[in-house]
Amino acid sequence: MAVIIHRPRVAWEGARVFVRAAPSDAYWWLGDMVGHYLGVMYQLKLAETRLRLQLEDVVPEEIGAWRFRLDELLRDRPELTGLLGDLIEETSYRLPR
């Protein structure tokens, strides 16, 4: 039986988790993983998100930007869907409760 993964849902959940992780200690782990698996441009965008969140209240805007980025990534490279799901799960585990 095949597992059906809803890519837009993965992109949405990834956006929420990435933005939540950006100002936390989980950022350092996530940044390394994003750079390694998704590429340095995504790692730089995560660093920009961290900086923007420190300077102003832009959580909804950042979630929207990340949802778009991740949706586009998964549309172009659907084979990364499972990997992104794993990153989301591990990052969620590393976030403060």
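No value in this document is a laboratory result; all are computed from the given coordinates. It should be emphasised that the depicted structure is a prediction, and the values quoted were computed from it without experimental measurement. All Cβ positions, even for glycine, are placed from backbone atoms using ideal geometry, and neighbour counts span all protein chains on display.
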With +1 on the Cβ of every Lys and Arg and -1 on the Cβ of every Asp and Glu, the dipole magnitude of region 12-87 about its Cα centre, in debye rounded to the nearest 20, is 40 debye
Given Cβ charges of +1 for Lys and Arg and -1 for Asp and Glu, the option among GLY82, PRO23, LEU55 whose Cα lies farthest towards the positive end of the dipole of the chain is GLY82
Let a ≥ b ≥ c be the square roots of the eigenvalues of the Cα gyration tensor of the chain; is it rounded (a/c under 1.5), or, if not, prolate (a/b larger than b/c) or oblate?
prolate
